[in-house]
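For reference, the structure is listed below as structure tokens.
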Amino acid sequence: MLANNDISPEQVLKEAIKRELEDANSHPRVRKSIEVKYYLATKRITESDLSNDDKVRLIHLHIEMAAQLMKDRNL
């Protein structure tokens, strides 16, 4: 469930993407890398029934979040 009245819908979406890319819902021993999770998310987005504009926006958000996570990881 993504609904949260305390923060904006954009922030809720970004948090969901971050959790997905971090593989936060998986056991630590079976987690995949950010790169693998990004690939899987992008593949899922491109195969979806969303409009091309929505696909591009979602992929762009995934790029931003993945870049930030990778930057944070290297600090």
When the accessible area of the chain is split by element with a 1.4 Å probe, what percent falls to carbon and sulfur?
54 percent
Do the sum for the chain: with -39,500 (n - 2.57) for every DSSP H run of n ≥ 4, divided by all residues, what is the mean residue ellipticity at 222 nm, to the nearest 500 deg cm²/dmol?
-21500 deg cm²/dmol
Determine the dipole magnitude for the chain: charges of +1 sit on the beta-carbon of Lys and Arg, -1 on that of Asp and Glu, nothing else is charged, the reference point is the Cα centre, and the result goes in debye to the nearest 20.
400 debye
Which one of Ile63, Pro28, Ile17 is farthest out on the positive end of the charge dipole of the stretch 16-67, using unit charges on Cβ (Lys, Arg +1; Asp, Glu -1) and the Cα centre as origin?
Pro28
How many nm separate the modelled label positions at Ser8 and Val30, each set 7 Å beyond the Cα in the direction of the Cβ?
3.6 nm
Cα-based Rg of the chain per 2.2 N^0.38 Å, rounded to two decimals?
1.14
Counting only C-alpha contacts under 8 Å and six or more residues apart, can you give the relative contact order of the chain as a whole percent?
29 percent
Find which of Ser51, Leu40, Asn74 sits farthest along the positive direction of the dipole of the chain, computed with +1 on the beta-carbon of Lys and Arg, -1 on that of Asp and Glu, about the Cα centre.
Asn74
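The values are calculated or read from the model by the stated rules, or taken from the named source; none is laboratory data. What you see is a predicted model; the values in this text were computed from it and never measured. Every residue, glycine as well, gets a Cβ built from its backbone with ideal geometry; the counts of neighbours run over all protein chains shown. All accessible areas refer to the heavy atoms of the entire protein, side chains included, with ligands and DNA or RNA removed. Shrake-Rupley method; radii C 1.70, N 1.55, O 1.52, S 1.80 Å.
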